[in-house]
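First the structure, in the form of structure tokens, and then the observations on it.
The values are calculated or read from the model by the stated rules, or taken from the named source; none is laboratory data. These figures come from a predicted structure and were not determined experimentally. Quick reminder, even Gly has a Cβ in these numbers, built from the backbone with ideal geometry, and neighbours come from all protein chains shown. When the accessible area is computed, the model is the full protein with side chains, heavy atoms only, and any ligands, DNA or RNA have been set aside. Shrake-Rupley method; radii C 1.70, N 1.55, O 1.52, S 1.80 Å.
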Amino acid sequence: MPDELLTNLNRIHTTDLGLLRIRKNLSLDVEDVVSWCKDKITAENAEITRKGKNWYVSVDGCIITVNAYSYTIITAHR
């Protein structure tokens, strides 16, 4: 089932507010937050699960939440 998220990696995006929320929650100092999240999603140690309408990617001490229909990164937190 996680293959569905990985197959649609090119569709993953976020909103302007999502960028701010993810940067703040994870204390990120990177320019391209979406690429950072994609790198985490494709990491060897990433655990991908789907609950309802969202994918949850648990990796390196953080959880990234992605909408399963629009592939929008909703939030990420430690």
request  = In whole Hz, with x marking every Gly and Pro, tabulate ³J(HN,Hα) for the range 40-50 from phi via Karplus 6.51 cos²θ - 1.76 cosθ + 1.60, θ = phi - 60°.
outcome  = 5, 4, 8, 4, 4, 8, 6, 9, 10, 10, 10
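Give, in nm to one decimal, the length gained when the segment between Asn45 and Asp60 is fully stretched (0.36 nm per residue of separation minus the Cα-Cα distance).
Gain in length upon complete extension: 4.6 nm.
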note = Largest-first ranking of Leu20, Leu6, Leu26 by accessible area, probe 1.4 Å, whole protein assembly kept, is Leu20, Leu6, Leu26
note = Note to self, the chain gives a 222 nm [θ] from helices alone (DSSP H runs n ≥ 4, -39500 (n - 2.57) apiece, / all residues, nearest 500) of -9500 deg cm²/dmol
note = With the 1.4 Å probe rolled over protein heavy atoms, the chain has an accessible area per residue in Å² of 60
task = Quantify, in whole percent, the carbon and sulfur part of the accessible surface of the chain (1.4 Å probe; protein heavy atoms only).
result = 51
message = Given Cβ point charges of +1 (Lys, Arg) and -1 (Asp, Glu) and nothing else, what value in debye, to the nearest 20, does the dipole of the chain about its Cα centre take?
response = 380
query = Could you sort Arg50, Arg21, Arg78 by accessible area so the largest value comes first, with the probe set to 1.4 Å?
reply = Arg78, Arg21, Arg50
inquiry  = Report the Cα-based extents of the chain along its three principal axes, largest first, to the nearest Å.
reply    = 31, 24, 21
key: Spatial separation of Cα centroids for the range 55-74 and the range 18-33, in angstrom   = 14
